[in-house]
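Written out below as structure tokens is the structure these notes cover.
Derivation of every value follows stated rules applied to the coordinates shown; laboratory data play no part. The model shown is predicted, which means the values in this text are computed figures rather than measured ones. Counting neighbours? That spans all protein chains shown, and the Cβs are built from the backbone with ideal geometry, glycine included.
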Amino acid sequence: MNINLKDTNTQLLVLIALTVVAGIMFFFYVIQPVNLETESLRQNIGQLQAQIDQLRAMERKLPQYKRELATLQARLNELKIVLPDEKETTEIIRQVQQFALSSQVHLKTFRPQKMVPKDMYDEWPIQMEIEGFYNSLGAFFDKVAKHSRILNVNNLNIKRIPNSEEARKTLTASCTTTTFVLK
């Protein structure tokens, strides 16, 4: 087969064939990658728009969340008075001594013990021995019970002081007072 490139029809066919091949190559190497990238970018835009919508919805609720946070923070501060996150040894000693003084009892011993770990808190037992008369002991334990921090009195043992020479010291009470510390 002999192809004559000087013939106009042959030149026209070769030109058409080259144009078609160039067009196909242009489509597969230029246009199709751009179309695929455009479609990928459109999908990303759709996903980002959905995220923007979610974030705007959250933004509209932000003042409500801030009010709830402030309320919860205030509640947490109230609860930390009842169940603090530190031992506060000096504060407990000061408060128990104040209770004893205002109840007219003598705080004979005050021995903090080792912390007893629990799941979400630690128990902190404190052994105490106090002396006074019946009504003053009752007033002391009433103040302990009404204290803002949780103070449980266990193993209460009250005995009469034999041959007491002081009218204000007719009974002795030993107990374990347990308070709690948030972990």
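What the table below lists for this structure:
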| item | result |
| --- | --- |
| Helix-only mean residue ellipticity at 222 nm for the chain, each DSSP H run of n ≥ 4 adding -39500 (n - 2.57), per residue, nearest 500 | -19000 deg cm²/dmol |
| Positive-pole candidate from THR10, PRO162, LEU41, dipole of the chain, charges at beta carbon | PRO162 |
| Relative contact order (percent, whole number), the chain, Cα cutoff 8 Å, 6+ residue spacing | 19 |
| All-pairs Cα distance distribution in segment 1-82, expressed in whole percent, bin size 5 Å | 3, 11, 8, 8, 7, 7, 7, 6, 6, 5, 5, 4, 4, 4, 4, 3, 3, 2, 2, 1, 1, 0 |
| Karplus-derived 3J(HN,Hα), 6.51/-1.76/1.60, for each residue of segment 25-34, Hz, glycine and proline x | 5, 4, 5, 6, 9, 10, 5, 4, x, 5 |
| Percentage relative contact order, segment 89-182, counting C-alpha pairs under 8 Å, at least six apart | 31 |
| Selected from LEU107, TYR121, ASN77, residue furthest toward positive end of dipole (segment 67-126; charges at beta carbon) | LEU107 |
| Rounded Å value of the spacing that divides the Cα centres of segment 113-183 and segment 1-71 | 79 |
| Label-point gap, in nm, between THR109 and THR71 - each point 7 angstrom along Cα→Cβ | 4.9 |
